[in-house]
Structures are given as structure tokens and as C-alpha cells.
Amino acid sequence: MKNLFLLIGLFLSVNVFSQTKSTQTITFTVKGNCEQCKERIENAADIKGVKVCTWEEKTQVATVVYSPDKITPEQIKQAIAKAGHDVGEVKASDANYKKLPKCCQYRDNKCEDKK
């Protein structure tokens, strides 16, 4: 009986460790102005393979924890750019940028609605 419990324990521990996926963390610049931008950027990165995305308004930096076996950094950047925000060298299309609320249009470096 003791050997049976040992065998079951060994099987379960091997199964748990074999299912552990590796993740990577990357950072990149994302342009934005305010809390609305933060919410939009983080939601845009909420796609399969991304574990966590946080964006800091003051530094204009997004930190993303993702599974490289499911998604690439380029795909993450494209998803954020599609929401209207420039991501480093990946620029949002003019059409997507113009859909942003006035306060979030960062290319003119001002936020008229910001208090």
C-alpha cells in the first residue's frame, strides 16, 4: 500500500510539473494620455496567450507577461495598435487613431479634457 501511494504521488507531481508553461515578460513604449488610455491599452492586450498587461501613464511603458508558445510580441503590439495607440515602431492607423476620444489623442501632446 505504501508503494501505491508513493507511485500515485510521483505520477501527480510529474503531471503538475509537465503542465507548467513558461512565460516571458517584455516591455515596450505605448503612447497614451490618461486612465481611459490605460484601460483601452490593457484591454486590447487581453488576448489569448497574454497573462497580464499593465501600462503606466507617466512612463508610457507597457509591461506584458505572455506565453511565447501561444503569441508573439509583434501580435501583442498589433492588437494594441489596432485599438488606436502607437506601440514603439508599430503605428496605429490614422483611422483607428481618430476613433479615440479627444482626450486620448496623444499625437498633439495635449489632453484638453484632462483635469
Would it be correct to say that Glu74 is among the charged types (D, E, K, R) and modelled with pLDDT of 95 or more? yes
What is the residue count in the stretch 89-112 for residues that are surrounded by 15 or more Cβ atoms within 10 Å (Cβ to Cβ) and assigned to a loop (DSSP other than H, G, I, E, B)? 4
Within the stretch 46-81, the residues that are within 18 Å of Cys34 (Cα to Cα) and among the basic types (Lys, Arg) are Lys58
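Scan the stretch 41-55 residue by residue and report those that are over 13 Å from Val87 (Cα atoms), in contact (Cβ under 8 Å) with a residue 12 or more places away in the chain and not small (Gly, Ala, Ser).
Asn43, Ile47, Lys48, Val50, Lys51, Val52, Cys53, Thr54
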The lone exception for Lys2 - which of (1) at pLDDT below 95; (2) of a type in the set (D, E, K, R); (3) within 16 Å of the chain's Cα centre (by Cα) it fails: (3)
Within the stretch 54-85, track down each residue that is more than 21 Å from Leu100 (Cα to Cα), aliphatic (A, V, I, L, M) and exposed (fewer than 15 other Cβ atoms within 10 Å of the Cβ). Val65
Being in contact (Cβ under 8 Å) with a residue 24 or more places away in the chain and among the basic types (Lys, Arg), is that true of even one residue in the stretch 83-91? no
Of all residues in the stretch 25-40 being touching a strand residue (DSSP E or B) at 6+ places or on another chain (Cβ under 8 Å) and without any contact (Cβ under 8 Å) to a residue 60 or more places away in the chain, which is surrounded by the most Cβ atoms within 10 Å (Cβ to Cβ)? Val30
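The values are calculated or read from the model by the stated rules, or taken from the named source; none is laboratory data. Given the structure is predicted, the values throughout are model-derived calculations rather than measurements. All Cβ positions, glycine included, derive from the backbone under ideal geometry; neighbour counts span all protein chains shown.
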